[in-house]
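What follows is a single structure, written as structure tokens, with notes after it.
The values are calculated or read from the model by the stated rules, or taken from the named source; none is laboratory data. Please read these numbers as outputs of a predicted model, since none were measured by experiment. Cβ coordinates were reconstructed from backbone atoms using ideal geometry, including for glycine residues, and neighbour counts include every protein chain displayed.
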Amino acid sequence: MSERVVTASIGATNFQVTFDDGAHHLWHADEPESLGGGDRAPTPVSLLLSGLGACTSITLKMYAQRKGWPLDDVQVSLSMHTGDQGSTIDRKIVLHGELTDEHRERLLQVANACPVHKILTRPIAINTGLVATLPATPDEA
């Protein structure tokens, strides 16, 4: 499945990035003031964690609805710790509703199978290249 292409751009405002997915969805990232940003938007790491939290919540809600289970609400809290040996994401899930122990155990399994969880726990490659740009015209210089 191919997702939309997300474009990130940064202009004159230090560290404030604007994202566009080509479908009228715009959002931002920034760094805290202590790092020279304006603290006007979530940090890049917060955006990464939010993707996992959104995917987890949506996947659990969809699964419970298909099964007809009484899952009223899902809350996912995420944090990341990075060290010399790599990074660890801590994910805490709170399920609200009249669920059995069997429902809860199955939903934990489903959370670990959400698409973003799979991406983050499998090997991933990032192919990076530069795209040639035209030289600036005298008016733009």
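Observations
- Leu107 vs. criteria assigned to a loop (DSSP other than H, G, I, E, B), assigned by TED's automatic domain parsing to the domain that holds Leu52, at pLDDT 95 or above and touching a strand residue (DSSP E or B) at 6+ places or on another chain (Cβ under 8 Å): no
- Gly53 vs. criteria in a helix (DSSP H, G or I), within 19 Å of the chain's Cα centre (by Cα) and under 29 Å from Pro123 (Cα atoms): yes
- When Asp72, Asp90 are checked against the criterion of being under 28 Å from Val17 (Cα atoms) and either modelled with pLDDT of 95 or more or buried (at least 16 other Cβ atoms within 10 Å of the Cβ) (or both), a single residue qualifies: Asp90.
- Residue count, segment 24-50 (criterion: in a loop (DSSP other than H, G, I, E, B) and under 29 Å from Asn112 (Cβ atoms)): 3
- Single residue of Ala41, Ala12 found to be free of Cβ contacts under 8 Å to residues at least 40 places away in the same chain, surrounded by 14 or more Cβ atoms within 10 Å (Cβ to Cβ) and small (Gly, Ala, Ser): Ala41
- Close Cβ contacts (under 7 Å, 6 or more residues apart or on different chains) running from residues in segment 64-81 that are under 16 Å from His96 (Cβ atoms) and touching a residue at least 12 places away in the same chain (Cβ under 8 Å) to residues that are basic (Lys, Arg) and surrounded by 13 or more Cβ atoms within 10 Å (Cβ to Cβ) comprise Leu71/Lys61; Val74/Lys61; Val76/Arg91.
- Of all residues making up segment 110-141, the number that are exposed (fewer than 10 other Cβ atoms within 10 Å of the Cβ) and under 27 Å from Val45 (Cβ atoms): 10
- Any chance Leu99 is surrounded by 16 or more Cβ atoms within 10 Å (Cβ to Cβ), touching a helix residue (DSSP H, G or I) at 6+ places or on another chain (Cβ under 6 Å) and not in a strand (DSSP E or B): no
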